[in-house]
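The values are calculated or read from the model by the stated rules, or taken from the named source; none is laboratory data. Just so it is clear, the model here is predicted, and its values are computed rather than measured. Heads up, the Cβs are rebuilt from the backbone with ideal geometry, glycines too, and the neighbour counts pull from every protein chain shown. For the accessible areas, the whole protein counts, side chains as well, though only heavy atoms, and no ligand, DNA or RNA atoms are used. Shrake-Rupley method; radii C 1.70, N 1.55, O 1.52, S 1.80 Å.
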Amino acid sequence: MGWRLITKKGANLSEIIPGSHIGNIQDYHRHRYKQGIPEGVKDLPPGVALPLESNLAYMNGISFTKGCYIGQELTARTHHMGVIRKRLLPVHFSAPLPKDSIPEGAEILTESGKSAGKFRAGGGELGIALLKLANINEPLCLNIAGDKVKLTASIPEWWPKTASK
């Protein structure tokens, strides 16, 4: 995900991290969407988002040895059974979307009209969505004000190579 620095005012960042560049908040969110990284309650709705579906195990955000956290038994059982049917994935739209044009939780459909998942967040032509893994290689679309907007899902390069389950 790059670097976040707290420095003294006027510090020369290219001296601290050679080859780096300073981005703005939109650059940060674009990068995060490309990588499929969730952030905050918009991407991880309380009471709805599950840690394994949100890829938190891949980011070392879940302990399978520490005890006593809410949802521990379900999370551990799902992890050890190895069956996760949905995951939070980066999505790329066929055209940039108007700002705030997609409601959170909007349904993503396959070409045949079957539910494939839910949109979580995005901007421009990028976003993240909770998708059924069985459908990620199919043509997908989202209905926005009566128009079908095509999108494609991808598996981030940083995922473990055995992350097909």
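Observations
- Taken along the Cα-to-beta-carbon direction at a fixed 7 Å, the label points for Glu73 and Thr110 span 3.4 nm.
- About the centre of its Cα atoms, the chain shows a dipole size close to 300 debye [charges on the beta carbon of Lys, Arg (+1) and Asp, Glu (-1) only; nearest 20 debye].
- Rg to Rh, two decimals, where the range 69-137 supplies the alpha carbon set and Rh follows Kirkwood: 1.07
- Comparing Thr7, Gly36, Thr75 along the charge dipole axis of the chain, the residue lying farthest to the positive side is Thr75, per the Cβ-charge model.
- The aspartates and glutamates within cross-link reach of Lys132, meaning a Cα-to-Cα straight distance under 18 Å and a gap of 8 or more places when in the same chain, are Asp43, Glu53, Glu104, Glu107, Glu111.
- With only Cα atoms counted, the range 1-142 has Rg and Dmax values of 17.8, 56 Å.
- For the range 139-148, putting each phi into the Karplus relation 6.51 cos²θ - 1.76 cosθ + 1.60 with θ = phi - 60° gives couplings of x, 10, 8, 10, 8, 10, 6, x, 9, 8 Hz, in residue order, rounded to whole numbers and with x for Gly and Pro.
- Within the chain, longest stretch clear of exposed GluC sites (Glu not before Pro) (DSSP loop, no more than 16 other Cβ within 10 Å): 40-103
- 1.4 Å probe accessible area per residue over the chain, in Å²: 65 Å²
- Karplus 3J(HN,Hα) series, Hz, for the range 83-95 with 6.51 cos²θ - 1.76 cosθ + 1.60 (x for Gly, Pro): 10, 10, 8, 10, 8, 7, 10, x, 10, 10, 8, 5, 8
- Placing dummy labels 7 Å off each Cα toward the beta-carbon, the span from Ala11 to Lys99 is 3.1 nm.
- Residues in the range 55-64 carry Karplus couplings, in order, of 6, 5, 5, 5, 9, 6, x, 10, 9, 9 Hz; the curve used is 6.51 cos²θ - 1.76 cosθ + 1.60 with θ = phi - 60°, and Gly or Pro positions show x.
- Amide H to amide H distances under 5 Å link Lys86 with Leu133, where only residues 5 or more positions off or on other chains count and H is placed in the peptide plane.
- Largest accessible area first, the listed residues Leu5, Leu44, Leu52 line up as Leu5, Leu44, Leu52 when surface is computed with a 1.4 Å probe on the assembled protein chains.
- Value at 222 nm in deg cm²/dmol, rounded to 500, when DSSP H runs of n ≥ 4 in the chain each add -39,500 (n - 2.57): -4500 deg cm²/dmol
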